[in-house]
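The values are calculated or read from the model by the stated rules, or taken from the named source; none is laboratory data. These numbers come from a predicted model, not from an experiment. Because the Cβ atoms are built from the backbone with ideal geometry, glycine has one as well, and the counts that use them run over all protein chains shown.
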(Lines give C-alpha, C1' and ligand atoms only; values in the text may rest on other atoms or scores of the structure.)
Protein backbone atom coordinates (compact mmCIF):
# COMPACT_ATOMS: atom_id res chain seq x y z
CA UNK A 1 0.00 0.00 0.00
CA UNK A 2 1.06 3.58 -0.66
CA UNK A 3 2.18 5.35 2.54
CA UNK A 4 -0.37 8.04 3.44
CA UNK A 5 2.37 10.60 4.03
CA UNK A 6 3.00 10.75 0.31
CA UNK A 7 -0.29 12.64 -0.07
CA UNK A 8 -0.65 14.28 3.33
CA UNK A 9 0.31 17.73 2.08
CA UNK A 10 -0.49 17.36 -1.62
CA UNK A 11 -2.52 20.23 -3.04
CA UNK A 12 -5.60 19.29 -5.03
CA UNK A 13 -4.91 21.47 -8.04
CA UNK A 14 -2.63 21.37 -11.08
CA UNK A 15 0.95 22.34 -10.28
CA UNK A 16 1.01 24.39 -13.49
CA UNK A 17 -1.56 26.83 -12.09
CA UNK A 18 0.85 27.83 -9.31
CA UNK A 19 3.53 28.90 -11.80
CA UNK A 20 1.41 31.60 -13.46
CA UNK A 21 1.35 35.16 -12.07
CA UNK A 22 -1.96 36.01 -10.45
CA UNK A 23 -3.93 38.50 -12.54
CA UNK A 24 -7.52 39.65 -12.40
CA UNK A 25 -10.11 37.71 -14.37
CA UNK A 26 -11.46 39.38 -17.46
CA UNK A 27 -14.93 40.75 -16.73
CA UNK A 28 -17.88 38.58 -17.77
CA UNK A 29 -20.04 39.66 -20.70
CA UNK A 30 -22.74 41.95 -19.30
CA UNK A 31 -24.07 43.84 -22.33
CA UNK A 32 -25.51 42.74 -25.66
CA UNK A 33 -23.02 43.26 -28.48
CA UNK A 34 -22.23 42.36 -32.09
CA UNK A 35 -18.95 40.88 -33.37
CA UNK A 36 -17.41 39.70 -36.58
CA UNK A 37 -16.22 36.53 -34.84
CA UNK A 38 -17.29 35.02 -31.52
CA UNK A 39 -15.17 32.16 -30.14
CA UNK A 40 -16.68 29.90 -27.50
CA UNK A 41 -13.92 28.49 -25.29
CA UNK A 42 -10.73 30.05 -23.94
CA UNK A 43 -8.29 27.15 -23.98
CA UNK A 44 -5.60 26.38 -26.54
CA UNK A 45 -8.00 26.02 -29.47
CA UNK A 46 -9.99 29.15 -28.73
CA UNK A 47 -7.02 31.42 -28.05
CA UNK A 48 -5.09 30.20 -31.11
CA UNK A 49 -8.25 30.83 -33.14
CA UNK A 50 -8.47 34.38 -31.82
CA UNK A 51 -4.82 35.15 -32.43
CA UNK A 52 -4.77 33.70 -35.93
CA UNK A 53 -8.04 35.47 -36.80
CA UNK A 54 -6.47 38.74 -35.67
CA UNK A 55 -3.43 38.11 -37.87
CA UNK A 56 -5.71 37.66 -40.88
CA UNK A 57 -7.96 40.63 -40.16
CA UNK A 58 -6.46 43.43 -38.04
CA UNK A 59 -9.77 45.33 -37.97
CA UNK A 60 -12.13 42.49 -37.08
CA UNK A 61 -14.14 42.69 -33.89
CA UNK A 62 -13.34 39.41 -32.08
CA UNK A 63 -14.67 38.07 -28.78
CA UNK A 64 -13.68 35.01 -26.73
CA UNK A 65 -16.34 33.69 -24.34
CA UNK A 66 -14.96 31.42 -21.61
CA UNK A 67 -17.11 29.74 -18.97
CA UNK A 68 -14.41 29.84 -16.28
CA UNK A 69 -10.97 31.41 -16.56
CA UNK A 70 -8.96 30.73 -19.68
CA UNK A 71 -7.13 27.41 -19.47
CA UNK A 72 -8.76 26.16 -16.27
CA UNK A 73 -10.04 22.99 -17.89
CA UNK A 74 -8.29 20.58 -20.28
CA UNK A 75 -5.60 22.91 -21.65
CA UNK A 76 -4.05 23.95 -18.35
CA UNK A 77 -4.26 20.45 -16.88
CA UNK A 78 -2.31 18.64 -19.59
CA UNK A 79 1.20 17.24 -19.50
CA UNK A 80 2.47 19.88 -21.93
CA UNK A 81 3.87 17.42 -24.50
CA UNK A 82 4.22 19.14 -27.89
CA UNK A 83 3.84 16.46 -30.53
CA UNK A 84 5.19 16.94 -34.07
CA UNK A 85 1.93 15.38 -35.24
CA UNK A 86 -1.68 16.24 -35.99
CA UNK A 87 -2.64 12.59 -36.53
CA UNK A 88 -1.90 10.98 -33.15
CA UNK A 89 1.46 9.80 -34.43
CA UNK A 90 2.94 8.43 -37.62
CA UNK A 91 1.72 4.87 -37.02
CA UNK A 92 -1.86 6.05 -36.58
CA UNK A 93 -1.61 8.13 -39.75
CA UNK A 94 -0.34 5.15 -41.70
CA UNK A 95 -2.91 2.72 -40.29
CA UNK A 96 -6.04 4.86 -40.43
CA UNK A 97 -5.23 7.43 -43.12
CA UNK A 98 -2.82 5.66 -45.49
CA UNK A 99 -3.67 7.70 -48.58
CA UNK A 100 -2.55 10.94 -46.96
CA UNK A 101 -0.17 9.66 -44.28
CA UNK A 102 2.86 11.34 -45.84
CA UNK A 103 1.04 14.69 -45.97
CA UNK A 104 -0.23 14.37 -42.41
CA UNK A 105 3.23 13.59 -41.08
CA UNK A 106 4.80 16.52 -42.95
CA UNK A 107 2.09 18.96 -41.84
CA UNK A 108 2.45 17.78 -38.25
CA UNK A 109 6.14 18.60 -38.19
CA UNK A 110 5.56 21.93 -39.95
CA UNK A 111 2.89 22.80 -37.39
CA UNK A 112 5.27 22.20 -34.49
CA UNK A 113 7.93 24.31 -36.20
CA UNK A 114 5.40 27.11 -36.74
CA UNK A 115 4.17 26.71 -33.15
CA UNK A 116 7.73 27.36 -31.94
CA UNK A 117 8.08 30.36 -34.28
CA UNK A 118 4.81 31.83 -32.98
CA UNK A 119 6.00 31.51 -29.39
CA UNK A 120 9.15 33.41 -30.33
CA UNK A 121 7.37 36.01 -32.45
CA UNK A 122 4.94 36.94 -29.68
CA UNK A 123 7.52 36.50 -26.90
CA UNK A 124 5.38 33.87 -25.24
CA UNK A 125 7.22 32.65 -22.15
CA UNK A 126 5.86 29.13 -22.00
CA UNK A 127 9.02 27.21 -21.05
CA UNK A 128 9.10 25.67 -24.52
CA UNK A 129 11.99 23.29 -25.10
CA UNK A 130 12.42 20.91 -28.00
CA UNK A 131 14.13 18.29 -25.85
CA UNK A 132 12.65 15.17 -27.44
CA UNK A 133 10.60 12.27 -26.17
CA UNK A 134 11.69 8.80 -25.07
CA UNK A 135 9.22 5.94 -25.63
CA UNK A 136 10.03 3.03 -23.30
CA UNK A 137 8.94 -0.62 -23.31
CA UNK A 138 8.59 -3.30 -20.64
CA UNK A 139 7.56 -6.48 -22.49
CA UNK A 140 8.76 -8.33 -25.61
CA UNK A 141 5.63 -7.31 -27.53
CA UNK A 142 6.11 -3.68 -26.57
CA UNK A 143 9.70 -3.88 -27.78
CA UNK A 144 8.40 -5.28 -31.08
CA UNK A 145 6.09 -2.28 -31.19
CA UNK A 146 9.07 0.07 -30.83
CA UNK A 147 10.80 -1.67 -33.75
CA UNK A 148 7.64 -1.30 -35.82
CA UNK A 149 7.52 2.38 -34.89
CA UNK A 150 11.15 2.75 -35.93
CA UNK A 151 10.39 1.19 -39.33
CA UNK A 152 7.59 3.68 -39.89
CA UNK A 153 9.85 6.54 -38.83
CA UNK A 154 12.54 5.40 -41.24
CA UNK A 155 9.99 5.19 -44.03
CA UNK A 156 8.98 8.82 -43.54
CA UNK A 157 12.38 10.24 -42.65
CA UNK A 158 11.56 10.93 -38.99
CA UNK A 159 14.67 11.15 -36.82
CA UNK A 160 14.81 8.47 -34.13
CA UNK A 161 17.15 6.19 -32.20
CA UNK A 162 16.46 2.74 -30.78
CA UNK A 163 18.05 2.27 -27.35
CA UNK A 164 18.81 -0.77 -25.19
CA UNK A 165 21.26 -1.57 -22.38
CA UNK A 166 23.70 1.19 -21.49
CA UNK A 167 22.39 3.42 -24.27
CA UNK A 168 18.95 3.40 -22.65
CA UNK A 169 20.40 3.92 -19.17
CA UNK A 170 21.97 7.15 -20.40
CA UNK A 171 18.45 8.54 -20.77
CA UNK A 172 16.56 6.51 -18.14
CA UNK A 173 17.69 3.80 -15.73
CA UNK A 174 14.72 1.88 -14.36
CA UNK A 175 14.22 -1.83 -13.57
CA UNK A 176 10.85 -1.67 -15.34
CA UNK A 177 11.99 -0.55 -18.81
CA UNK A 178 14.28 -2.58 -21.05
CA UNK A 179 14.19 -0.74 -24.39
CA UNK A 180 13.42 2.68 -25.75
CA UNK A 181 12.94 4.73 -28.88
CA UNK A 182 14.03 8.36 -28.74
CA UNK A 183 12.52 10.95 -31.07
CA UNK A 184 14.28 14.32 -30.84
CA UNK A 185 11.61 16.46 -32.53
CA UNK A 186 9.16 16.43 -29.59
CA UNK A 187 8.80 19.54 -27.45
CA UNK A 188 7.56 20.39 -23.96
CA UNK A 189 5.82 23.43 -22.51
CA UNK A 190 4.31 24.59 -19.27
CA UNK A 191 0.69 24.44 -20.48
CA UNK A 192 -0.74 26.94 -18.02
CA UNK A 193 1.95 29.48 -18.92
CA UNK A 194 1.25 29.06 -22.64
CA UNK A 195 -2.48 29.65 -22.08
CA UNK A 196 -1.77 32.65 -19.86
CA UNK A 197 0.62 34.12 -22.41
CA UNK A 198 -1.76 33.50 -25.34
CA UNK A 199 -4.43 35.27 -23.32
CA UNK A 200 -2.06 38.21 -22.73
CA UNK A 201 -1.17 38.46 -26.41
CA UNK A 202 -4.79 38.26 -27.53
CA UNK A 203 -5.76 41.07 -25.18
CA UNK A 204 -2.83 43.15 -26.44
CA UNK A 205 -4.04 42.51 -29.99
CA UNK A 206 -7.47 43.94 -29.25
CA UNK A 207 -9.35 40.67 -28.78
CA UNK A 208 -12.10 41.03 -26.18
CA UNK A 209 -12.06 38.16 -23.66
CA UNK A 210 -15.01 37.54 -21.37
CA UNK A 211 -14.32 35.06 -18.56
CA UNK A 212 -16.84 33.44 -16.24
CA UNK A 213 -19.21 33.67 -19.18
CA UNK A 214 -20.70 30.27 -20.02
CA UNK A 215 -22.56 30.02 -23.30
CA UNK A 216 -25.96 28.42 -22.78
CA UNK A 217 -27.28 28.21 -26.36
CA UNK A 218 -26.53 28.94 -29.99
CA UNK A 219 -29.07 29.80 -32.69
CA UNK A 220 -29.52 31.53 -36.01
CA UNK A 221 -30.55 35.19 -35.81
CA UNK A 222 -31.49 36.37 -39.31
CA UNK A 223 -28.17 36.45 -41.18
CA UNK A 224 -26.15 36.32 -37.95
CA UNK A 225 -25.56 33.80 -35.18
CA UNK A 226 -26.96 34.39 -31.72
CA UNK A 227 -24.87 33.33 -28.73
CA UNK A 228 -26.70 33.40 -25.40
CA UNK A 229 -24.88 33.87 -22.09
CA UNK A 230 -26.38 34.40 -18.62
CA UNK A 231 -26.06 38.19 -18.80
CA UNK A 232 -25.63 39.11 -22.47
CA UNK A 233 -26.78 38.18 -25.94
CA UNK A 234 -23.97 38.16 -28.48
CA UNK A 235 -24.59 38.39 -32.21
CA UNK A 236 -21.77 37.39 -34.55
CA UNK A 237 -21.24 36.97 -38.26
CA UNK A 238 -19.26 33.80 -37.56
CA UNK A 239 -18.75 31.55 -34.55
CA UNK A 240 -15.97 29.11 -33.61
CA UNK A 241 -16.76 26.38 -31.11
CA UNK A 242 -13.58 25.57 -29.20
CA UNK A 243 -15.26 23.82 -26.28
CA UNK A 244 -13.38 20.51 -26.69
CA UNK A 245 -14.06 18.43 -23.56
CA UNK A 246 -17.14 20.42 -22.49
CA UNK A 247 -20.65 19.35 -23.41
CA UNK A 248 -21.03 20.47 -27.03
CA UNK A 249 -23.51 23.17 -28.03
CA UNK A 250 -24.38 21.40 -31.28
CA UNK A 251 -26.61 18.38 -30.77
CA UNK A 252 -24.97 16.59 -33.71
CA UNK A 253 -21.71 16.46 -31.74
CA UNK A 254 -23.16 15.06 -28.52
CA UNK A 255 -21.99 11.51 -29.25
CA UNK A 256 -18.90 12.32 -31.33
CA UNK A 257 -16.54 12.11 -28.36
CA UNK A 258 -16.61 11.10 -24.72
CA UNK A 259 -14.96 12.73 -21.69
CA UNK A 260 -12.22 10.49 -20.32
CA UNK A 261 -10.60 11.46 -17.03
CA UNK A 262 -6.83 11.30 -16.71
CA UNK A 263 -4.95 11.79 -13.43
CA UNK A 264 -1.58 13.30 -12.51
CA UNK A 265 0.86 13.50 -9.64
CA UNK A 266 3.66 16.03 -9.24
CA UNK A 267 6.58 15.29 -6.94
CA UNK A 268 8.44 17.59 -4.66
CA UNK A 269 11.60 19.11 -6.15
CA UNK A 270 14.23 16.40 -6.72
CA UNK A 271 17.95 16.80 -6.15
CA UNK A 272 20.62 16.22 -8.78
CA UNK A 273 21.57 13.04 -6.93
CA UNK A 274 18.01 11.75 -7.12
CA UNK A 275 17.81 12.43 -10.85
CA UNK A 276 21.19 10.75 -11.33
CA UNK A 277 19.95 7.66 -9.45
CA UNK A 278 17.45 7.03 -12.26
CA UNK A 279 19.78 8.10 -15.06
CA UNK A 280 17.50 10.92 -16.17
CA UNK A 281 19.98 13.72 -16.77
CA UNK A 282 18.37 15.27 -19.86
CA UNK A 283 15.18 17.32 -20.06
CA UNK A 284 13.32 15.05 -22.50
CA UNK A 285 9.82 13.77 -21.83
CA UNK A 286 9.06 10.06 -21.48
CA UNK A 287 6.07 7.78 -22.11
CA UNK A 288 5.76 4.04 -21.80
CA UNK A 289 4.35 1.86 -24.54
CA UNK A 290 1.32 0.07 -23.14
CA UNK A 291 -2.27 0.77 -24.05
CA UNK A 292 -2.53 1.84 -20.42
CA UNK A 293 0.50 4.07 -20.35
CA UNK A 294 2.25 6.59 -18.16
CA UNK A 295 3.71 9.86 -19.35
CA UNK A 296 6.28 11.66 -17.27
CA UNK A 297 8.51 14.69 -17.53
CA UNK A 298 10.59 17.23 -15.64
CA UNK A 299 9.52 20.74 -14.71
CA UNK A 300 11.61 23.90 -14.71
CA UNK A 301 12.15 23.54 -10.96
CA UNK A 302 13.14 19.85 -11.18
CA UNK A 303 9.92 18.17 -10.13
CA UNK A 304 8.62 15.09 -11.91
CA UNK A 305 5.17 14.86 -13.42
CA UNK A 306 3.99 11.23 -13.23
CA UNK A 307 0.64 10.76 -14.92
CA UNK A 308 -1.67 8.59 -16.98
CA UNK A 309 -2.42 4.84 -16.92
CA UNK A 310 -5.96 5.15 -15.58
CA UNK A 311 -8.43 6.39 -18.18
CA UNK A 312 -11.75 6.74 -16.40
CA UNK A 313 -15.13 7.15 -18.04
CA UNK A 314 -18.02 8.09 -15.76
CA UNK A 315 -21.53 6.94 -16.57
CA UNK A 316 -23.57 9.37 -18.65
CA UNK A 317 -20.47 11.34 -19.70
CA UNK A 318 -20.49 12.99 -16.29
CA UNK A 319 -18.32 16.12 -16.13
CA UNK A 320 -18.76 17.06 -12.48
CA UNK A 321 -15.73 18.97 -11.16
CA UNK A 322 -15.62 16.64 -8.13
CA UNK A 323 -14.38 13.91 -10.48
CA UNK A 324 -11.12 15.81 -10.96
CA UNK A 325 -9.97 14.19 -7.71
CA UNK A 326 -9.85 10.36 -7.54
CA UNK A 327 -7.90 8.91 -4.58
CA UNK A 328 -7.83 5.40 -6.11
CA UNK A 329 -6.04 6.65 -9.21
CA UNK A 330 -3.57 8.72 -7.20
CA UNK A 331 -2.74 5.72 -4.99
CA UNK A 332 -2.26 3.45 -8.03
CA UNK A 333 0.01 6.01 -9.67
CA UNK A 334 2.09 6.31 -6.50
CA UNK A 335 2.51 2.52 -6.25
CA UNK A 336 3.56 2.34 -9.90
CA UNK A 337 5.99 5.23 -9.38
CA UNK A 338 7.83 3.25 -6.69
CA UNK A 339 8.03 0.17 -8.95
CA UNK A 340 9.51 2.25 -11.76
CA UNK A 341 11.86 4.24 -9.52
CA UNK A 342 12.70 2.32 -6.34
CA UNK A 343 15.50 4.75 -5.49
CA UNK A 344 12.81 7.46 -5.19
CA UNK A 345 10.54 5.46 -2.87
CA UNK A 346 10.61 8.17 -0.19
CA UNK A 347 9.74 11.02 -2.55
CA UNK A 348 6.57 12.88 -1.64
CA UNK A 349 3.95 14.30 -3.98
CA UNK A 350 3.09 17.98 -3.71
CA UNK A 351 0.20 18.13 -6.20
CA UNK A 352 -2.53 15.81 -7.44
CA UNK A 353 -5.17 16.58 -10.05
CA UNK A 354 -7.30 15.28 -12.86
CA UNK A 355 -8.26 16.52 -16.29
CA UNK A 356 -10.61 15.58 -19.10
CA UNK A 357 -9.53 14.18 -22.47
CA UNK A 358 -12.00 14.73 -25.33
CA UNK A 359 -11.70 11.22 -26.74
CA UNK A 360 -12.77 10.61 -30.33
CA UNK A 361 -13.29 7.13 -31.72
CA UNK A 362 -10.96 8.22 -34.54
CA UNK A 363 -8.30 9.24 -31.95
CA UNK A 364 -7.71 12.44 -33.95
CA UNK A 365 -9.44 15.79 -33.96
CA UNK A 366 -12.32 16.34 -36.33
CA UNK A 367 -13.56 19.61 -37.75
CA UNK A 368 -16.65 20.78 -39.57
CA UNK A 369 -19.13 23.53 -40.34
CA UNK A 370 -22.72 24.11 -39.21
CA UNK A 371 -25.47 26.69 -39.62
CA UNK A 372 -24.89 27.34 -43.33
CA UNK A 373 -21.16 27.65 -42.90
CA UNK A 374 -21.25 30.35 -40.22
CA UNK A 375 -20.19 28.06 -37.36
CA UNK A 376 -16.97 26.04 -37.29
CA UNK A 377 -15.95 23.47 -34.72
CA UNK A 378 -12.93 21.29 -33.90
CA UNK A 379 -12.65 18.77 -31.09
CA UNK A 380 -11.77 15.15 -30.28
CA UNK A 381 -8.03 15.71 -29.82
CA UNK A 382 -7.76 12.54 -27.68
CA UNK A 383 -4.90 13.78 -25.53
CA UNK A 384 -2.82 15.19 -28.39
CA UNK A 385 -4.06 18.76 -28.48
CA UNK A 386 -1.24 20.99 -27.23
CA UNK A 387 0.08 21.61 -30.74
CA UNK A 388 -2.72 20.12 -32.88
CA UNK A 389 -5.09 22.74 -31.45
CA UNK A 390 -3.14 25.41 -33.33
CA UNK A 391 -3.54 23.48 -36.59
CA UNK A 392 -7.23 22.98 -35.86
CA UNK A 393 -7.68 26.72 -35.30
CA UNK A 394 -6.19 27.47 -38.69
CA UNK A 395 -8.35 24.77 -40.26
CA UNK A 396 -11.53 26.32 -38.85
CA UNK A 397 -10.56 29.79 -40.04
CA UNK A 398 -9.80 28.42 -43.51
CA UNK A 399 -13.19 26.74 -43.64
CA UNK A 400 -15.07 29.80 -42.41
CA UNK A 401 -13.35 31.81 -45.12
CA UNK A 402 -14.09 29.17 -47.79
CA UNK A 403 -10.39 28.95 -48.55
CA UNK A 404 -9.00 26.08 -50.58
CA UNK A 405 -5.88 25.16 -48.63
CA UNK A 406 -3.88 22.05 -47.89
CA UNK A 407 -5.57 22.01 -44.48
CA UNK A 408 -9.11 22.09 -45.88
CA UNK A 409 -8.29 19.42 -48.46
CA UNK A 410 -7.26 16.92 -45.80
CA UNK A 411 -9.66 14.02 -45.41
CA UNK A 412 -8.70 13.22 -41.81
CA UNK A 413 -10.39 16.18 -40.05
CA UNK A 414 -13.46 15.92 -42.30
CA UNK A 415 -14.02 12.20 -41.79
CA UNK A 416 -17.23 11.41 -39.97
CA UNK A 417 -16.53 10.90 -36.30
CA UNK A 418 -18.10 7.54 -35.56
CA UNK A 419 -20.52 8.19 -32.70
CA UNK A 420 -20.36 6.50 -29.35
CA UNK A 421 -23.57 4.63 -28.51
CA UNK A 422 -26.05 6.00 -25.98
CA UNK A 423 -26.13 4.77 -22.40
CA UNK A 424 -26.09 2.14 -21.08
CA UNK A 425 -24.36 0.70 -24.16
CA UNK A 426 -21.72 3.43 -24.02
CA UNK A 427 -20.45 2.48 -20.58
CA UNK A 428 -20.54 -1.21 -21.46
CA UNK A 429 -18.57 -0.65 -24.67
CA UNK A 430 -15.96 1.49 -22.91
CA UNK A 431 -15.52 -1.11 -20.16
CA UNK A 432 -15.15 -3.89 -22.73
CA UNK A 433 -12.58 -1.88 -24.70
CA UNK A 434 -10.59 -1.08 -21.57
CA UNK A 435 -10.65 -4.71 -20.43
CA UNK A 436 -9.47 -5.82 -23.87
CA UNK A 437 -6.67 -3.26 -23.89
CA UNK A 438 -5.50 -4.37 -20.45
CA UNK A 439 -5.48 -8.00 -21.62
CA UNK A 440 -3.38 -7.03 -24.63
CA UNK A 441 -0.93 -5.25 -22.33
CA UNK A 442 -0.67 -8.40 -20.20
CA UNK A 443 -0.43 -10.99 -22.98
CA UNK A 444 0.63 -9.22 -26.14
CA UNK A 445 -2.39 -10.71 -27.94
CA UNK A 446 -5.02 -8.48 -29.53
CA UNK A 447 -8.46 -9.85 -28.76
CA UNK A 448 -11.46 -10.19 -31.04
CA UNK A 449 -13.21 -7.02 -29.85
CA UNK A 450 -10.16 -4.84 -30.57
CA UNK A 451 -9.73 -6.49 -33.96
CA UNK A 452 -13.35 -5.66 -34.73
CA UNK A 453 -12.73 -2.03 -33.81
CA UNK A 454 -9.62 -2.04 -36.01
CA UNK A 455 -11.75 -3.17 -38.95
CA UNK A 456 -13.83 -0.01 -38.67
CA UNK A 457 -10.85 2.24 -37.96
CA UNK A 458 -11.97 2.83 -34.40
CA UNK A 459 -9.53 3.29 -31.55
CA UNK A 460 -9.53 3.97 -27.84
CA UNK A 461 -6.28 5.76 -27.09
CA UNK A 462 -5.07 8.91 -25.41
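Brief remarks follow.
- Top-ranked residue in region 233-267 [being assigned to a loop (DSSP other than H, G, I, E, B) and surrounded by fewer than 17 Cβ atoms within 10 Å (Cβ to Cβ); ranked as nearest to the chain's Cα centre (by Cα)]: 247
- Test: residue 16 is under 19 Å from the mean Cα position of the chain (by Cα), outside any loop (DSSP other than H, G, I, E, B) and farther than 21 Å from residue 367 by Cβ: yes
- The listed residue being farther than 26 Å from residue 367 by Cα and in contact (Cβ under 8 Å) with a residue 12 or more places away in the chain, out of 313, 233, 263: 263
- Failed condition for residue 422, given (1) assigned to a loop (DSSP other than H, G, I, E, B); (2) in contact with a strand residue (DSSP E or B) (Cβ under 8 Å, 6 or more places away or on another chain); (3) over 30 Å from residue 176 (Cβ atoms): (2)
One line per residue, one yes/no per condition, for (1) under 22 Å from residue 150 (Cα atoms); (2) surrounded by fewer than 22 Cβ atoms within 10 Å (Cβ to Cβ); (3) modelled with pLDDT of 95 or more:
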| site | (1), (2), (3) |
| --- | --- |
| 171 | yes, yes, yes |
| 180 | yes, no, yes |
| 188 | yes, no, yes |
| 201 | no, yes, yes |
| 204 | no, yes, yes |
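- Sole residue being at pLDDT below 95, crowded, with 17+ Cβ neighbours inside 10 Å and in contact with a strand residue (DSSP E or B) (Cβ under 7 Å, 6 or more places away or on another chain), chosen from 360, 367: 360
- Options 145, 157, 126: the member that is more than 17 Å from residue 384 (Cβ to Cβ) and surrounded by fewer than 16 Cβ atoms within 10 Å (Cβ to Cβ): 157
- Scanning region 175-190 for residues that are outside any loop (DSSP other than H, G, I, E, B) and over 20 Å from residue 108 (Cα atoms) yields 179, 180.
- Only residues that are in contact with a strand residue (DSSP E or B) (Cβ under 9 Å, 6 or more places away or on another chain), under 17 Å from residue 203 (Cβ atoms) and not in a loop (DSSP other than H, G, I, E, B) were counted across region 40-74, and they come to 10.
- Residue 147 fulfils the conditions (1) in contact (Cβ under 8 Å) with a residue 60 or more places away in the chain; (2) over 20 Å from residue 283 (Cα atoms); (3) in contact with a strand residue (DSSP E or B) (Cβ under 8 Å, 6 or more places away or on another chain) except for a single criterion, (1).
- Of the residues examined, residue 334 is not one that is within 30 Å of residue 257 (Cα to Cα), buried (at least 19 other Cβ atoms within 10 Å of the Cβ) and within 17 Å of the chain's Cα centre (by Cα).
- Number of the exception - residue 334 against (1) closer than 23 Å to residue 458 by Cβ; (2) assigned to a helix (DSSP H, G or I): (1)
- Applying a threshold of 6 Å to beta carbon distances and a minimum spacing of six or more residues, or different chains, the list of pairs starting in region 272-294 at a residue that is free of Cβ contacts under 8 Å to residues at least 40 places away in the same chain and ending at one that is assigned to a helix (DSSP H, G or I) and surrounded by fewer than 19 Cβ atoms within 10 Å (Cβ to Cβ) is empty.
- Just one of the numbered conditions (1) closer than 23 Å to residue 292 by Cβ; (2) under 21 Å from the mean Cα position of the chain (by Cα); (3) surrounded by fewer than 20 Cβ atoms within 10 Å (Cβ to Cβ) is not true of residue 419: (1).
- Taking the criterion of being farther than 25 Å from residue 275 by Cα and out of contact with any helix residue (DSSP H, G or I) (no Cβ under 9 Å at 6 or more places or on another chain), the residues of region 120-142 that qualify are 120, 121, 140.
- No other residue among 432, 394, 452, 437 is in contact (Cβ under 8 Å) with a residue 40 or more places away in the chain and more than 30 Å from residue 222 (Cβ to Cβ) apart from 437.
- Checked against (1) within 20 Å of the chain's Cα centre (by Cα); (2) not in a loop (DSSP other than H, G, I, E, B), residue 399 meets all criteria but (1).
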